[in-house]
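Nothing in this text is a laboratory measurement; each read-out follows from the coordinates by a stated rule. Predicted, not measured: the structure shown is a model, and the values here were computed from it.
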Amino acid sequence: MTISTVTFQNNALADIQALETGISTTQNQLSTGLQLQNAADNPVAMSEVNQLNQQLSASQQYVSNGSAANTNLQLEEQALTNATNLLQSAQSLATEANDGSLTATDRQDLATQLQQQLAQLVSIANSTDSNGNYLFSGQASGTQPFAQSSGAVSYSGSDSVNQLEISAGQFISAGDTGSSVFMNIPAGNGTFTTAAAAANTGTASIDPGTVTDPSEWAANSGTYTLSFTTPTPGQTQYQVTNAAGNTVTSGTYTSGDAIAFDGIQVTVSGTPAAGDQFTIAPAGTASVFSTISGLITTLNSTSLNSGQLATQIGTAEQQLGNALNNFDNVQASVGARINAVSASQTSAQSQQTTLQSTVSQLSDTDYAAATTQLSTQEIALQAAEESYASIAKLSLFNYLA
């Protein structure tokens, strides 16, 4: 078989160029630490690496989301702790105020303390993070949620909170709205409220009452009026009428005895005057701010009689207790979310270690193998160049000689 000089040179140069390209590739793998430079190196492996990197990126984003949520939730937890301590102090002041031996001046002094606590509570409710975002504004984190004007506190935040994905398909609330924490607190005992009429002249007060049969109350709930009469000197009668004016129960009044009707009962204490009335109505909601503000108004009043004072202070105590229960429930929810974030981050970090290890196995350079390969390629190149140089000198005349 005859090989022309041109063919020999082309083949030899092509081989040398291939060896040089191989050496360049190996050197690049050693310098970058990556054996997969592009899809052409290993299409199947590169496709798998791309998929793994997508999973890794998503996992890292979950951890980032979890860290952001965790920071907010821990700040909220501290704010709720501060609010709880403040509210417990306010409740203690309310209990102290419900002492019939206190003078009007004593009650006004307590009202002054409550006024300071109200301002402090508004400040806590307007807490911010390190970036100045409000903790209790929901999605409107740049808007101050609460504003106080003439004793009334209004809410301007959002009623929705940001949901952050902390693992595939797992979302958590990164905070709580001010409306759910501070505003929408069950009034009265949570089922119904009691109140003394403004025109009462006796010394009787009514307690917040209790539910004895939830199903019966649910079937008959409405606004009731408890009225007192003295048809016979020394004997007081009571009568409970519903919203339609129908009598649901009546009897002889004895201070401290429970009066039961339609699945609930209330207790009136003291001496009611003829014509005195109390109302029992389904509970709505009240803000913790309005509860404290109302208590301040009650303690500063000089026109309320002892029965009205005791009723209004007792109602405030009950509603402060409701607010504390709500704080406890929210705080428990915050703690559960912090635990969920911690668990998801632990899982994500473990997953990331596995993903990174797999990506490394597929794409990272095996330095020992690459170094051996480079040495082999250099030897081959040197041999090819020397062989080419030697053979290139030959010609027919050398052969004939």
Can you give me the relative contact order of segment 62-197 as a percent, contacts being Cα pairs under 8 Å and 6 or more apart?
23
Taking 0.36 nm per residue of separation and subtracting the Cα-Cα distance, what length does fully extending T279 through S350 add?
19.4 nm
Using a ≥ b ≥ c from the Cα gyration tensor of segment 156-243 (square roots of the eigenvalues), is it rounded, prolate or oblate, where a/c under 1.5 gives rounded and otherwise the larger of a/b and b/c decides, a/b for prolate?
prolate
Given a cut-off of under 8 Å on Cα pairs at least six residues apart, what relative contact order in percent is computed for segment 195-283?
44
State whether segment 195-283 is rounded, prolate or oblate according to the following rule on the C-alpha gyration tensor (a ≥ b ≥ c being the square roots of its eigenvalues): a/c under 1.5 gives rounded; otherwise a/b larger than b/c gives prolate, and the remaining case gives oblate.
prolate
Please work out the C-alpha center-to-center distance from segment 136-156 to segment 289-313 and express it in whole Å.
25
